[in-house]
Every structure is written in C-alpha cells, then in structure tokens.
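**Student:** Below you'll find the structure I mean.
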Amino acid sequence: MTTSAQKKPALTVNGLVKTFDVSAPWLNRVIERKPRQFVQAVNDIDFTVPAGGCLSIVGESGCGKSTVARLVTGLHRASAGEIRFAPGRAGAPLSAQMIFQDPYASLNPRWRVKNIIAEPLRELKLRDTSAEVIERVEELLLTVGLSASDGEKFPHEFSGGQRQRISIARALASEPEFLVCDEPTSALDVSVQAQVLNLMRRLQDELGLTYLFISHDMSVVRHMSDRIAVMYLGRIVEEGDTEELFARPRHPYTQLLLQTIPNITAPRRDRELATGEVPSPLKPPSGCTFHPRCPIATARCSAEVPAVRALANGTRVACHLAVDEPAGA
Amino acid sequence: MGEAEKAVIDVRNLKVEFPGRRGTVTPLSDISLSIRAGEILGVVGESGAGKSMTGLAIQGLLERPGRISGGEIWLGDRRIDTLDDRAMEQIRGREIGAIFQDPLTSLNPLFTVGSQLTETIRLHLSMGKVEARARAVQLLRDVGIPAPEERIDHYPHQFSGGMRQRVVIALALSASPKLIIADEPTTALDVSIQAQIISLLRRLCKEKQTAVMLVTHDMGVIAEAADRVAVMYAGRLIEIGPVEQVLHAPRHPYTQGLMASIPSLGARVVKLNQIDGSMPRLDAIPAGCAFNPRCVYAGSRCLRDRPELIPVGDGASACWLNAGGTA
C-alpha cells in the first residue's frame, strides 16, 4: 500500500465548491433589509483517491467533510468544479455507494432485511429472476458475516454493529468499486467498532474496493487510510501520507488536532490548552481562516489566503509558514 | 474498602429493577463503588451496560416503574436511597451536581444564562439578587468564559457548543456540591474542545475538592481525566481500580479485549483485535459470568457460577481467573 501514490486515481476532484443559500425568507429580507447570505461549505478543494486505496477526510464538525461525501455520491450538486471517476472494471465509470453514520436511521424499520438488501438489485435490475435475487442476498449476508436466515428478520432485531453490517451488505449489492463511508463507526461501541473496521478492511482486500472515508476520529482514520486530508472551514489545509502526516504534521491546525486527541498510552493529564473555537462559517476570518487560533500567525496570514503547495515528501499544505524540510531531517 | 469513611459517595450492593409485563428486568445488580473528595472516578462500558443508570439511581432520577430494590447509597453520613422525592430535590443541585451530554438541551433557551445561574444559586443558597449575580459572574470566570460580566446576559444560543458546556458546568457548580455526576460531558463536542473541557473538569475537581463521577464510553477521556476507573458490563461492575492498572494491565478478559480493540495512535496493525458477538440483552443474560459467551478463557465454572469482585493488585476484578487456579 506504500506505493499508492503511483497508482491510478479512482476519483479525481478538481476545484470543488459547494455554496448553500441560507438567506432569510424573501419577505424578511425586504422588511428587515437583510442581504442574502451564503455559506461556503466546501471551498475550492482538490484531491485524488488512488484505486484500491483509502483516502480519509478528517476535521471538526462543520468543516464540510460530510458535504464532500454527499457531493461525491451525487446527493448534492456541486456549485463549481468537477468530480471525475476513472473507468472501472467494466469500462463504464466507477459506481459509488455510500455507508451512512447512523445504522438506526438508515435502515427502513418496516422492511425485512432481505428486502432492504434486495432493493438496489431490483431497482437497478441487476438480476433477472427472483430466485437469483434471493441467492445474491444470501451471498451478501454471508460476505458481511451474518447468516442467510437473518434475511427474514427486521432491523430492530439486530444490534448496532449488525445493523451496520446490513448497510454494508446493501451498499455492496450493486457491486460498486468505490465506497463512500460517512463516519461508519461513530455510532458504535469500541468493541463492535473493531469488528466493523476489520470487516471493511477484509472487504477492501477481497473485492478491491476503493474507500473515501469520512471521520473525526484520528485513531480510526490512522488505522484505515493510506492518505489523509485535513479540512478546516471548507478547505483542505493539509493532505499527505498517513504515516508522514502523523509523524510530521506541517499545518498548525493538524498539529493542534493531533495534540488534542486523548491518548491512552501516554495521557497528558496536566496540559495547558490554547483556547479558541472554530469560527462561524457564515463569517469566516479573512486570509487564512485558521489565523485567529494559530500560534504562529503573522500579518500576512490575516491578509492573504495561503495557496496549496506541494512539499518534497508528497504532502500538500496550505500555510504560508510551512517550510520544506531538507530530506533526511 | 478501608477508606469508606472518607468517601463522599458510597454505593453498596445497589440493585435496580424494572418490573414489566413480561417479567422484571434488572439493569443494575450488585454495584458497589465509592468516590473520595477531589477524586475522579471514570465509569466506562458499552451502551446499555448500565453506566448512565448508575448515575441516575444515585440522583434519585430513575424513571418509573424502575426502582432501587436492594443496596444502600450513602452521601457522606446520610443514606439517600430511602429519601422521598421532596428530600431528594433538596439534595439534587445542592449536594449533587449534574452535567449532561448535550449542552443545548440542558439549558433553557428562553432565559439568559445569568438568570438560570442566579435562580439555581438562590434556590440552594440563601443569597440576595446582587450577591447571587456576583457569584454567577465568578462561576463563569472559573469555568473560563471570557468577559463574564457581559456574557452573563446572553442567551444559550449565543454561545458555541464548548462555551455552552462550560455554562452547564458552572450551573452544576453553582451550589458548591460535594459530588458531580458528569454523564458523557464531552461526547457532543469536537476533539479540540473536548480536551479543553476535560482539563477544566480536572482542574475544578482538584481546586474545589469535589468528587466527580465521569460516565463515558471513550477510553481516551478516561485515560486523561480519571484517577480510578470502574468498568461495567451487562449491568454489573466487572473491574475497578486505579487508571494505570485498568488501562494498561487490565485483569478482566473483557477489559483486556476492549483495550486491544481500540485503534492505536502509535503503531499500525493489519487487523484490530476484536471481541466477537455483542453484549447480551438485559432479558437474556446468560447464567454464570455474563461475559462467558464472548470470553476466550471461559471454562465450566464460568458457565455455572457468577464471579464476585475479587481484589487483584490495587483494584478488583470479577473473573474466576483471578481467584487463583483455573476457570
């Protein structure tokens, strides 16, 4: 997996922008003389996901990471920019499927599990006869570690981890080569989280899947991904190989994120913390959006938006002050 | 427990039952724990293990028809599990403070932060308006809210998530309680804010010598905040001890599996250690040790007899492996 950078990209995203209109209703705007208001949820981001690899997007709530997942799967229309999937095994563009965060909300409680998993097969007419559909459903249930008889049950008869297995089986029904996983384990307990993460890794090896993984949990991200992109207020501030990013974070925000993760092996119990919170995306700060919280900010940071620069080690970083370390340093 | 006389809260063999149409379920049985002044006890477990319910039972907030059917709860020298609702109202807020998970729902959106704080202060301490307001400003300053003189007249929606949780902490502290029960206080917050709240809780606990019961599912939070840890599984306490021992040398197979299943920030492994299966439902708890269907060490004794907490090292663990000999 170390050579993932040389692999062909499965997904290329260029200059992606998503703006949401959050203006007050028309009448309020006229009476209260309020201007229209927009939120730049995703602001000019570029990234590629290597085929068979896993790119994770991390960031705090409101940074736009889930919006990226929805843009990639077509649940939102992009305001600008392009999203391009490479041709898959059959020559047609890759098909993407999505696994959602909450397995309690994403499965219809009134449907039997076999019908939940069969829905994509029936909708997309991937199997001709109902016997073939049933056969495929049973195969999928076994793939995700459930038994074929579980298809007769309803979602409420399963625990959280088993439900997430059902949503993985449903996502795999149409034989996608690309899976977008939006916080797939954050609703699960740790012992169950390990089961689901192991299953996802095994499926990646067996089926050659490519993952775009969205999470706020740095330890999960480190376990799953080859590359990591850190988002802050709609922009990617740093993107690099997992090991490199953890060993030598270049952007001050990545450094802050890594410092603040509670560490079980080496707890920092008496640390002094810089205060400060994520500013409102309605009025992002000028220049580099991180400058009010940044310990090393200069005058230039509040005036000029930093461009994304590629460093020698393959990391891309959007910071005026990040410097290229000489090789071997 | 030898230092029981110094304990702020002492729970002895607590048992909670919910009678229902299809029989009685027992979400908590045989819980014994105590917390001293200035100590943070972390309570961990999976969802449904009974950790929040332990907190609710101590506060007398069990929803009917749930009731305490056995054991005793002592707050200092006073037994509180037998008190009626009115007496418990005097204790909640005055002697036991509470911090809940979601700061947005635990504050009233229609009143300013200041009026909610002064109301609580005046309810529990005999203070005049001016005096109570001064105390409210001081509390906001203590929890690290900048410009408290101005912020006191703001409404909850004018605060961010982290600041709102600080206000909730100020509210819990308003009558200088002896015990604070914090139920998942950082779960709704982002990591960089979570770290701020943890260090704030820790500082206040040590400064004001308050006993804190910190309920969470996040082992990282426990590692950074707690002095001692209690691990719960299927309504029982299965391991309790100092944080270093429980996290780094756990004696119960469940705690061992739990610690091994957390992805590490240090080294990367190909496959995470996983505990197969899931926690049993409360109406289908197996005989013997409740963990036996998932346990790799389970022997014939584990299927038959339920282990009690057995002292090991500086703590105690409910597993036959620690009783000497084999399971």
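**Student:** Springs between alpha-carbon pairs under 10 angstrom, Gaussian network model over chain A: which of A:Arg316, A:Arg77, A:Arg170 fluctuates most?
**Tutor:** A:Arg77
**Student:** Got a sec to turn the phi values of the range B:215-226 into Karplus ³J(HN,Hα) couplings, 6.51 cos²θ - 1.76 cosθ + 1.60 with θ = phi - 60°, whole Hz, x for Gly and Pro?
**Tutor:** 8, 7, 10, 9, 5, x, 4, 4, 4, 8, 10, 7
**Student:** Relative contact order for the range B:37-93: what percent, with Cα pairs under 8 Å and sequence separation of 6 or more?
**Tutor:** 23 percent
**Student:** Something else about it: In square nanometres, what is one fourth of the surface area of the convex hull spanned by the alpha carbons of the range B:239-280?
**Tutor:** In nm², the orientation-averaged hull projection of the range B:239-280 is 3.7.
**Student:** Now for a different question. Return, for the Cα atoms of the protein assembly as shown, the radius of gyration and Dmax in Å, separated by a comma.
**Tutor:** That works out to 26.5, 81 Å for Rg and Dmax.
**Student:** Rg/Rh for chain A to two decimals, with Rh computed the Kirkwood way over all alpha-carbon pairs.
**Tutor:** Numbers: Rg = 21.6 Å, Rh = 21.6 Å.
Reported Rg/Rh, Kirkwood definition of Rh: 1.00.
**Student:** When the Karplus curve 6.51 cos²θ - 1.76 cosθ + 1.60 is applied with θ = phi - 60°, which whole-Hz ³J(HN,Hα) does each residue of the range B:107-117 get, with x for Gly and Pro?
**Tutor:** Karplus-based 3J(HN,Hα) across the range B:107-117 equals 10, 7, x, 8, 10, 5, 4, x, 5, 5, 5 Hz.
**Student:** Moving on to the next point. On average over all directions, what projected area in square nanometres does the range A:118-273 have, based on the convex hull of its Cα atoms?
**Tutor:** For the range A:118-273, averaging the hull's shadow over all directions gives 11.8 nm².
**Student:** May I pose another question? Each residue of the range A:117-128 in order: what ³J(HN,Hα) in whole Hz does its phi give by Karplus 6.51 cos²θ - 1.76 cosθ + 1.60, θ = phi - 60°, with x for Gly and Pro?
**Tutor:** Per-residue couplings from phi come out as 6, 7, 3, x, 5, 6, 4, 8, 6, 8, 10, 8 Hz.
**Student:** Just how far, in whole angstrom, is the range A:275-309 from the range B:40-109 if you go by their alpha carbon centroids?
**Tutor:** 43 Å
**Student:** Right, something else. In vacuo Debye scattering of the range B:81-188, one point per C-alpha: log10 I(q)/I(0) at q = 0.14, 0.21 Å⁻¹?
**Tutor:** Values, matching the q order: -0.52, -1.13.
**Student:** If you don't mind, there's one more thing I want to ask. How long are the three semi-axes of the equivalent ellipsoid of chain B, in whole Å, if each is the root of 5 times an eigenvalue of the C-alpha gyration tensor, listed from largest down?
**Tutor:** Equivalent-ellipsoid dimensions as semi-axes: 36, 23, 18 Å.
**Student:** Which entries of A:Lys18/A:Lys125; A:Lys34/A:Lys283; B:Lys15/B:Lys51; B:Lys6/B:Lys178; A:Lys153/B:Lys271; A:Lys65/A:Lys125 show an alpha-carbon separation above 24 angstrom in the structure shown?
**Tutor:** Too far apart for the 24 Å limit: A:Lys18/A:Lys125; A:Lys153/B:Lys271; A:Lys65/A:Lys125.
**Student:** Please build a GNM for chain B, connecting alpha carbons under 10 Å apart, and tell me which residue among B:Ser278, B:Ser264, B:Ser174 fluctuates the most.
**Tutor:** B:Ser264
**Student:** Would you mind checking the tilt of helix B:161-173 against the longest principal axis of the Cα atoms of chain B, expressed as 0 to 90 degrees and rounded to 10?
**Tutor:** So the helix axis and the longest Cα principal axis differ by about 90 degrees.
**Student:** If you build a Gaussian network model of chain B, linking Cα atoms that sit under 10 Å apart, which residue out of B:Glu224, B:Glu207, B:Glu17 swings the most?
**Tutor:** Of B:Glu224, B:Glu207, B:Glu17, the most mobile in the Gaussian network model is B:Glu207.
**Student:** Here's something else I'd like to know. Kirkwood hydrodynamic radius, computed over distinct alpha-carbon pairs, for the range B:134-184: how many Å, to one decimal?
**Tutor:** That comes to 11.3 Å for the range B:134-184.
Computed from the coordinates by the stated procedures, all read-outs in this text should not be read as laboratory data. Bear in mind the structure is a predicted one, so any value in this text is a computation, not a measurement.
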